[in-house]
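> Structure in structure tokens, see below.
Here, each number is a calculation from the coordinates, and none is a lab measurement. What you see is a predicted model, and the numbers here were worked out from it, not measured in a lab. Ideal geometry is used to build each Cβ from the backbone, glycine not excepted, and the neighbour counts take in all protein chains shown.
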């Protein structure tokens with residue numbers, strides 16, 4: 001927050017003194033007899049004191065709303081902000097009406113100014129100079145909400161992928177293990193490649209944590225998945241996989257295609273299908 005407060009302070013001082021210079025130049029051009037930087041040696045002191053006082057309005061606005069808005073709500077933030085302005089106005093009165101006359105020989109308002117008028121007039125100026133701090137708060141608030149929304153979307157995607165990984169069908173695992181066990185007895189030379197396919201498949205389902213993976217990698221996983229399912233059927237040669245993609249240089253969310261293929265084996269009675277079943 002210290003860095004942001006420094007930004008507000010520098011921005012406020014630049015805006016305050018640039019507008020002050022512009023107003024003085026305009027007054028001189030129009031022939032108005034007012035105190036400016038150019039015809040009164042006390043004007044820089046007066047303006048510098050006002051700048052620091054009003055800068056506190058901007059800083060207070062930012063600090064109060066950034067600290068209280070999210071936890072206490074808008075109403076309490078506004079009440080606290082208004083109370084802070086009253087404190088700043090009281091401080092301004094003490095500095096400009098009581099201390100400055102003794103140190104520099106000037107005061108910002110007449111000596112016998114009524115307090116209610118002083119507070120009302122000062123409140124307008126304090127609120128006006130608070131706009132910069134409120135603008136910084138609004139900008140930070142909107143940016144924070146956008147980041148929170150993006151983070152929530154990212155977490156939802158991660159949760160969805162985690163859910164997909166959790167959908168490993170236990171029957172598929174048990175059937176694959178039983179099929180591998182049968183291969184060890186009947187065709188041991190085929191058992192090791194199938195076991196490697198199963199381990200690669202499980203590793204991919206459990207530990208692939210990237211938001212996007214190459215489509216080739218996803219299809220390789222699906223082919224291994226289908227190959228393991230072939231072991232369940234009497235005529236596995238009737239299951240064919242035909243890939244006809246125009247481009248393989250694509251990326252996809254991992255496990256996105258799994259539910260479609262899984263439902264195919266879950267609900268289709270492939271042993272009863274006549275001819276070749278293509279997927």
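> What distance in nm lies between label points placed 7 Å from Cα along the C-beta direction at residue 257 and residue 4?
The answer from the label model is 4.6 nm.
> How high is the FRET efficiency between residue 69 and residue 158 when r is their beta carbon distance and R₀ equals 30 Å, given to the nearest 0.05?
That pair, residue 69 with residue 158, gives E of 0.55.
> Over the stretch 2-163, what number does the Rg to Rh ratio reach, with both radii from the alpha-carbon atoms and Rh per Kirkwood?
1.14
> Relative contact order, percent, of the stretch 2-163 when contacts are C-alpha pairs under 8 Å separated by at least 6 residues?
Normalised by residue count, the contact order of the stretch 2-163 is 28 percent.
> Stretch residue 219-residue 22 to full length: gain in nm at 0.36 nm per residue minus the Cα-Cα span?
Residue separation times 0.36 nm, minus the Cα-Cα distance, leaves 64.2 nm.
> By per-residue mean of other Cβ atoms within 10 Å, what is the highest-first order of 178-188, 9-19?
9-19, 178-188
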